[in-house]
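The values are calculated or read from the model by the stated rules, or taken from the named source; none is laboratory data. Note that the structure is predicted; figures quoted are calculated from it, not measured. Every residue, glycine as well, gets a Cβ built from its backbone with ideal geometry; the counts of neighbours run over all protein chains shown. When the accessible area is computed, the model is the full protein with side chains, heavy atoms only, and any ligands, DNA or RNA have been set aside. Shrake-Rupley method; radii C 1.70, N 1.55, O 1.52, S 1.80 Å.
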Amino acid sequence: MKVVGLISGGKDSIFSLQKCVDFGHQIVALATLIPDSTEEELNSHCFQTVASKNVEYIAASMQIPLIKHKFNAITKNTTQYYQPTADDEVEELYALLAKVKQQHPSVNAVAAGAVLSNYQRLRVENVCSRLQYVSLAYLWEYDQEQLLRDMFACHQRSILVKVASWGLAPNMLGKSLLELFPRLQKASRDCGMHISGEGGEYETTCVSSNLFSKSIEITKCSVDVVSDDEWAPVAHLLMNKAEFNLIPNDFYSGAGEDTTQIKINFAYSGVGTNTERIPGPDMQFFHEETLIENSEIIEKLYTLRDRPKAGFDVPDEYGELDGVRTTATLHDVGTDALTFLQCFDQFQHLIAYVEVELRDLSDFSVLNSAFSTVFSIPPPCRSCVQQSISSVGEITLHFGYRQSTLHVQSVSSWAPACIGPYAQAVKTKNNVYISGQIGLCPETMKLVEPENQYAQSLTNTESIMRTMGVCFSDAVEVRIFYVGHQPNVLLENVDASYIKCIPVPKLPANAIVEIVTRFSV
């Protein structure tokens, strides 16, 4: 794919570009948001602004065009699942990437450096979806310590430009991550700090990389101490008046040691002032028969739908929904599926998992259109198989009050991206559901060789399990759908009575294995 790199100059945004190149993509342009003021550090919920001046030198070193857009870091919408909101900083990201679309029409993907922040990733995905870009997030769910080690191994050098955590101090600014690595490990152990700064503990800017034709030397920086708190001081480099030079790439040494130096004037600048709802439209009574058949369920849904979410402390009555399900028999895939789903439209946050069986998977695109029409973000989990059934299809809705939904649309090295109206996983009061996983390679979104598909499906499932905090000893349902020969299933710590191997004539994307799991919590 032809990629625009969404960069702040920090270590993650640059390493995400390295991953894009490793996976065969072409970096066509770089894009960045810069402060529309003299302030170097804006209170942005989503974007790094400190050391933004270095982005111009990164682009010059990479010899790639840079598209810039000024913004004021105003946040109007802080809900996790962002919807377009006037004057919000995310709309400035939209404006930036709209410029890219106009100036570089060949670009079809956006690479960003999100590692753990759902808030950031979901906003990038929202903008990409609106502009019809593929979102690439190859660092998503990357082990944090391994992430730093991998950066060091490929000669990426980054320096600290901001500190804001226990275990860190202003005198660490300007030093390289490699030099500070032992201290970061200690701060992580002693203080619970995210070793790669994913909790906002520190920020960086990149000065050397395999992607750079030249390294970057930064001199004559000063420091703004925003808070001189004894335990967790907050300070950042001031770079607007710093000097930048492009220098030979061998200026910084290899992976074993680091001689990164920048000259800093420690000028004390003073201590400065520097329950989610997913509403649906009014219920539309499209299908009187379905409503009558499900009257008891709908009555229960009505009693719960308007109660506020309670985070992880969910009242017991919500647990009563776990295990409640209803099935519709389809005679016309498109019309009947849409009609059935719309009956439950305003209860979307109470639908955890949708199970689909089709007599012919060629009807899948029609069914997918119905799902896209009804389900907003975040959608429920889903599985789909072809089965020898008398009707054209069946849809079963599994209910449960959704405490959390894992919905990742970005391509990454973690697990396959959601490319349709479904989520990777949903947690209810009593269960964790994981969508059916086939043998897709997460980085390429292509099926692996047939003999490796069971192992890849299992790997994808385990990646999602780790993120949801469950393991196979928690499994209460493991269904392995297969085409042709039954795979050799070896699952430790799973009660054999919970495992079912089910032959089917066909699976999505012509896969030969799909693993569907449910866990007790």
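Of the residues Leu97, Leu116, which is under 10 Å from the mean Cα position of the chain (by Cα) and either surrounded by 15 or more Cβ atoms within 10 Å (Cβ to Cβ) or in a helix (DSSP H, G or I) (or both)? Can you show your working first?
Working: Leu97 fails: under 10 Å from the mean Cα position of the chain (by Cα).
From the options Leu97, Leu116, the qualifying one is Leu116.
Residues checked against (1) in a strand (DSSP E or B); (2) in contact with an Asp or Glu (Cβ under 6 Å, 6 or more places away or on another chain); (3) on the phi > 0 side of the Ramachandran plot:
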residue: Gly9; (1), (2), (3): no, no, yes
residue: Leu17; (1), (2), (3): no, no, no
residue: Glu39; (1), (2), (3): no, no, no
residue: Asn43; (1), (2), (3): no, no, no
residue: Gln48; (1), (2), (3): no, yes, no
residue: Ile64; (1), (2), (3): no, no, no
residue: Tyr82; (1), (2), (3): no, no, no
In this structure, is Gly420 under 25 Å from Arg359 (Cα atoms), of a type outside the set (D, E, K, R) and more than 16 Å from the chain's Cα centre (by Cα)? no
Members of segment 161-200 found to be within 27 Å of the chain's Cα centre (by Cα), under 13 Å from Val223 (Cβ atoms) and not aliphatic (A, V, I, L, M), listed by number: Lys162
Restricting segment 150-169 to residues that are open to solvent by 30 Å² or more (accessible area, probe 1.4 Å) and in a helix (DSSP H, G or I), the one modelled with the highest pLDDT turns out to be Asp150
Looking only at strands (runs of 3 or more DSSP E) that lie completely in segment 456-521, which have at least 2 residues being touching a helix residue (DSSP H, G or I) at 6+ places or on another chain (Cβ under 6 Å)? 475-482, 513-520
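Per-residue answers, yes or no, for (1) touching a strand residue (DSSP E or B) at 6+ places or on another chain (Cβ under 7 Å); (2) closer than 27 Å to Met468 by Cβ; (3) at pLDDT below 95; (4) basic (Lys, Arg):
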{"residue": "Leu96", "(1), (2), (3), (4)": "yes, no, no, no"}
{"residue": "Lys101", "(1), (2), (3), (4)": "no, no, no, yes"}
{"residue": "Ser106", "(1), (2), (3), (4)": "yes, no, no, no"}
{"residue": "Ala112", "(1), (2), (3), (4)": "yes, yes, no, no"}
{"residue": "Tyr119", "(1), (2), (3), (4)": "no, yes, yes, no"}
{"residue": "Val127", "(1), (2), (3), (4)": "no, yes, no, no"}
{"residue": "Val134", "(1), (2), (3), (4)": "yes, yes, no, no"}
{"residue": "Leu139", "(1), (2), (3), (4)": "no, yes, no, no"}
{"residue": "Gln144", "(1), (2), (3), (4)": "no, yes, yes, no"}
Lys68 versus (1) open to solvent by 50 Å² or more (accessible area, probe 1.4 Å); (2) farther than 30 Å from Ser376 by Cβ; (3) in contact with a Phe, Trp or Tyr (Cβ under 7 Å, 6 or more places away or on another chain): which is the lone unmet condition? (3)
Given the conditions (1) touching a strand residue (DSSP E or B) at 6+ places or on another chain (Cβ under 9 Å); (2) surrounded by fewer than 16 Cβ atoms within 10 Å (Cβ to Cβ), every one holds for Glu449 apart from (1)
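Open to solvent by 40 Å² or more (accessible area, probe 1.4 Å) and touching a Gly at 6+ places or on another chain (Cβ under 9 Å): which single residue out of Ala496, Ala455 fits that description? Steps first, answer last, please.
Working: Ala496 fails: touching a Gly at 6+ places or on another chain (Cβ under 9 Å).
When all the criteria are applied, what remains is Ala455.
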